[in-house]
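Undergrad: Once you've had a glance at the structure underneath, I'll fire off some questions.
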Amino acid sequence: MLEYQRGSSFRPFLVLALETSCDETSVAILKDGQQVVCNRIASQEELHARYGGVVPEIACRRHFEVIHPLIEEVLEDSSLSLSEMDALAVTHGPGLIGAVLVGVTVAKTLALAFDKPLLPVNHLEGHLYSPLLEHPQLKPPWVSLLVSGGHTLLVLVEDWGQLRLLGQTRDDAAGEAFDKVAKMLNLGYPGGPRVQQLAEQGDPAAIRLPRPMRNQGYAFSFSGLKTAVHHAQSSVSPADLCASFQQAVVDVLVEKTLQAAMDHGVNSVSLAGGVAANQPLRQALLQQCQKRGINFYVPSFEYCTDNGAMIAMAGYQMAGLGITATPWLDAHASLPLQSWRNSC
């Protein structure tokens, strides 16, 4: 059964979006593809902190518990009703399969009950389009660096609805490497912010760590860097180690992103995903783009983590392409970019 169908392009005035791909439940309403009317996030950070990482079954249960109250809260705060929505959007992958299924089931039920079109959204495309929430001037072509706990990708946005994957990680994602280094150093969960915080007290040049896959195209690899950190633990302070590790990751991400922009002749670069909240990465990419006369776009911290607003924006883009979900839309743990192209 086909999960997507293609019809006429349309621009929904009000989009209600649901995001449940991992450990944050989020509901948002986007108005006219430009204004975030409301964006609410229910974090599960405290639930998973004791385990040092996300426990899928716990995440799934909490999504189920909070998603309906969160929808009601967003509608009440916005003084709107479900009947006033012009479309619904939902993440249907990639992510924790049980968690994604909660959002998909609720969205399909509401779309059917209120006779609304359902916009199927790839979670990664949600991150990719998140800069548009605050930077509507961003237009194709541009290169997007998408970095999160589970993914590290370089994507060329050739046109609306035309994405080309340039490269991705071959093992650990950048965010995953941050979390594992934090666990190695007993810094707690979530690891990324804690590594960044401790790195502020250290010297990024204290120890020379490898820059993986440098000058090897657009692919990434952070597993070896993580191993190098492990071997260096006894020879340097935790603060210096965090600073040196963070600098190595930033150097690789920035270098490959700028190379991709220059190779493809684009003058705009965006940064998105949970790791986009890392201040040294944001600053380094901004400075290097400015040196080369490249426009740089990054969402505010609120829209870096998983959120419904970015799913609403990606859904709005799907509507512009005329892509909607059929009743057979399903949840997927893995989902390629623009998977709808295989069936539309």
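Every number in this text was worked out from the coordinates using simple rules, so none of it is lab data. Here the structure is a predicted model, which means the values were calculated and not measured. Positions of Cβ are backbone-derived with ideal geometry, glycine not excepted, and every protein chain shown enters the neighbour counts.
Undergrad: Per residue of segment 263-272, what does 6.51 cos²θ - 1.76 cosθ + 1.60 with θ = phi - 60° give for ³J(HN,Hα)? Whole Hz please, x for Gly and Pro, Karplus curve as stated.
TA: Using θ = phi - 60°, the values come out as 5, 9, x, 9, 10, 9, 10, 10, 10, 8 Hz.
Undergrad: Considering only DSSP beta bridges with both partners in the chain, what is the antiparallel share in %, to the nearest 5?
TA: Of the beta bridges lying entirely in the chain, close to 65 percent run antiparallel.
Undergrad: Here's a follow-up. Run the paramagnetic zone check for D263: 7 angstrom along Cα to Cβ, then residues of segment 136-155 with backbone nitrogen under 14 Å.
TA: Answer for segment 136-155: 143-145, 153-155.
Undergrad: Calculate one ³J(HN,Hα) per residue across segment 25-42 by plugging θ = phi - 60° into the Karplus curve 6.51 cos²θ - 1.76 cosθ + 1.60, and present them in order as whole Hz with x for glycine and proline.
TA: Ordered by residue, 3J(HN,Hα) equals 8, 9, 10, 8, 10, 10, 10, 6, x, 9, 10, 7, 6, 7, 9, 10, 10, 9 Hz.
Undergrad: Okay, next question. Using the Cα atoms of the chain, I'd like the radius of gyration and the largest Cα-Cα distance, Dmax, both in angstrom.
TA: Over the chain's Cα set, Rg and Dmax evaluate to 19.9, 63 Å.
Undergrad: So what J values fall out for segment 6-18 if you push phi through Karplus, 6.51 cos²θ - 1.76 cosθ + 1.60 with θ = phi - 60°, rounded to Hz, Gly and Pro as x?
TA: 10, x, 6, 4, 8, 10, x, 6, 10, 10, 9, 10, 10
Undergrad: For segment 294-333 and segment 1-17, what is the separation of their C-alpha centers, rounded to whole Å?
TA: 12
Undergrad: Another one. Give the peptides 123-132, 329-338, 9-18 in descending order of average Cβ contacts within 10 Å, highest first.
TA: Per-residue Cβ counts within 10 Å, averaged per peptide and sorted highest first, yield 123-132, 9-18, 329-338.
Undergrad: Further question on the same structure: Can you check what the Kirkwood hydrodynamic radius comes to for segment 233-344, Cα pairs only, in Å to one decimal?
TA: After inverting the mean inverse Cα-Cα distance, the result is 17.1 Å.
Undergrad: Take the alpha-carbon centre of segment 109-172, take the same for segment 222-286, and report the distance between them in whole Å.
TA: Between the Cα centre of segment 109-172 and that of segment 222-286, the gap is 21 Å.
Undergrad: Collect residues whose amide H, placed 1.01 Å from N in the peptide plane, falls under 5 Å from the amide H of T326; neighbours closer than 5 in sequence don't count.
TA: Residues meeting the criterion, in which the H sits 1.01 Å from N, are Y4, Q5.
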